[in-house]
Amino acid sequence: MFEIEAKTGEASGSLVVQGRGQAAVSGGAGRIEAFAGRWSVPAEPLRRVAEVYPFRTSAHFERLMQRPGDPIWMQVVPDPRELQDAGGFRDPLGEEERSPVPNLVHRYPDRVLWIVCNRCAVHCRFCTRKRRWTDSVPADASLQAAGLDYIKKHPEIRDVLLSGGDPLMLHPSTLEEYLRALRAIRHVAIVRIGTRVPSADPDRITPELARMLALYHPLYVNIHFNHPREINSRSALACSRLADAGIPLGSQTVLLQSVNDSAEVLRELFVGLLRLRVRPYYLFQMDLMESTAHFRTPLHRGLAIVQSLRNRISGLAIPQFVVDLPGGHGKVPLLPNAIHRVKQDRVVFRDFTGKNREYPLMPGEEDELKRFLSAE
């Protein structure tokens, strides 16, 4: 049934054509040497890291880099600190133990995550599935048929998230086979696609692809954006094509040390995304993946950023700040604590300027509210 990745034409470790003339740096030492030469940096440190955690970027993403070590560079270029991190987890979200069949993760009762592709436009150095870069489960036809069969046999599944890798790296006809198969299952109400293609290799979002996706509503697309520089004429066109096809667009952003961990950077990103008709959806505290500790930010930084944005930009532009708990125990939203004190007949809040404001309680509400909030 499925022709998994059979039409991409990619050879491992090669400079590959990525559709519409885009090229990608991928794998082999010669390609790393060429990349390092273009940027006048030593190739050997990159090569040592790439032997463990392979290097891949797109021509588009490389064009967004302005200098070595800048926020775009840091996201995709191998860093020697990756080999110095002895902490973290190989599978931080416990996906393998929650996979009833290979490549399908059933963590929440009514939804599954289905890994339908092992390739990405770029290799994000903080990726939660970094283990799969060198130890992936083949996305072959038999395993994908097993995933589809599992979904058919579990009527409680209403929501299917296609993930990877990146589903939009599949040949459009292969992706359409997945969508057509899922739409034939009556209890599947919602299909979502998680992707970085519109920000990392936007020329892949063709008018033909958008028209095909529009045949399978309700379909939602969540796009990975991390930095305002990823918003440009090409990514804007990609998002416009999807939005014009009637596809609701959301964004997911990972909070990353020295990349986007400031209110100024995230304000520009989130407001800019709204202009693209992309609703900021999640701001993630980084997953505890091995080799990624240099990206980690303290929890209070994310809370402070969200607090500083509240009431200063549109509520539409403020995503949920969440921690995806280690071991696969689900997402937990984090909110700045606006309750200063619970009194007998009123609550004292802190407003967005830091001033105390009172709100009246209903008679007898104090004890129940304190229990709910664990407030003293």
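Would you mind stating whether HIS294 is out of contact with any Asp or Glu (no Cβ under 6 Å at 6 or more places or on another chain) and either modelled with pLDDT of 95 or more or of a type in the set (A, V, I, L, M, F, W, C) (or both)? Here the answer is yes, as HIS294 does meet what is asked. Any residue at all in region 338-352 that's more than 28 Å from the chain's Cα centre (by Cα), polar (S, T, N, Q) and exposed (fewer than 15 other Cβ atoms within 10 Å of the Cβ)? Yes: one or more hits. Only a single item in (1) charged (D, E, K, R); (2) surrounded by 18 or more Cβ atoms within 10 Å (Cβ to Cβ); (3) touching a Ser or Thr at 6+ places or on another chain (Cβ under 8 Å); (4) not in a loop (DSSP other than H, G, I, E, B) is not met by ASP287, and it is number (4).
All of (1) under 30 Å from ARG241 (Cα atoms); (2) in a loop (DSSP other than H, G, I, E, B); (3) touching a Phe, Trp or Tyr at 6+ places or on another chain (Cβ under 6 Å) hold for ASN311 with one exception: (1). Scanning region 290-308 for residues that are out of contact with any strand residue (DSSP E or B) (no Cβ under 7 Å at 6 or more places or on another chain) and outside any helix (DSSP H, G or I) returns SER291, THR292, ARG296, PRO298.
Looking only at region 44-57, residues that are surrounded by fewer than 18 Cβ atoms within 10 Å (Cβ to Cβ) and of a type in the set (A, V, I, L, M, F, W, C) come to 1 in all.
Taken together, the residues in region 110-153 that are among the polar types (S, T, N, Q) and in a loop (DSSP other than H, G, I, E, B) amount to 4. Looking only at region 300-319, residues that are of a type in the set (Ser, Thr, Tyr) and touching a residue at least 60 places away in the same chain (Cβ under 8 Å) come to 0 in all. Cβ-Cβ contacts under 9 Å between residues 6 or more apart (or on different chains), taken from a first residue in region 140-164 that is closer than 16 Å to ASP110 by Cα to a second residue that is polar (S, T, N, Q) and outside any helix (DSSP H, G or I), are listed as GLY147/ASN103; LEU161/ASN222; LEU162/THR195.
Of the residues making up region 31-56, just one is closer than 19 Å to LYS130 by Cα and hydroxyl-bearing (Ser, Thr, Tyr), namely TYR53. Does GLU208 meet the test of being of a type in the set (Asp, Glu), over 29 Å from ASP110 (Cα atoms) and surrounded by fewer than 19 Cβ atoms within 10 Å (Cβ to Cβ)? Yes; evaluated as a whole, the condition is true for this residue. A search for C-beta distances below 8 Å between a residue of region 66-94 that is among the polar types (S, T, N, Q) and any residue that is buried (at least 16 other Cβ atoms within 10 Å of the Cβ) and assigned to a loop (DSSP other than H, G, I, E, B), counting only pairs 6+ apart in sequence or on different chains, returns GLN75/VAL122; GLN75/CYS124; GLN75/ARG125; GLN75/PHE126; GLN75/ASN226; GLN75/HIS227; GLN75/LEU256; GLN75/VAL259. Just to verify a result, which residue in region 141-174, among those that are of a type in the set (A, V, I, L, M) and under 26 Å from PHE126 (Cα atoms), is surrounded by the most Cβ atoms within 10 Å (Cβ to Cβ)? Ranking the candidates gives LEU168 first. The condition of being farther than 21 Å from LEU255 by Cβ, touching a residue at least 12 places away in the same chain (Cβ under 8 Å) and either crowded, with 22+ Cβ neighbours inside 10 Å or not assigned by TED's automatic domain parsing to the domain that holds THR297 (or both) holds for GLU62. Screening ARG296 with (1) within 19 Å of the chain's Cα centre (by Cα); (2) within 14 Å of HIS227 (Cβ to Cβ) gives one miss only, at (2).
The values are calculated or read from the model by the stated rules, or taken from the named source; none is laboratory data. Quick caveat: nothing in here was measured; it's all calculated off a predicted structure. Virtual Cβ from ideal backbone geometry, glycine too; neighbours counted across all protein chains shown.
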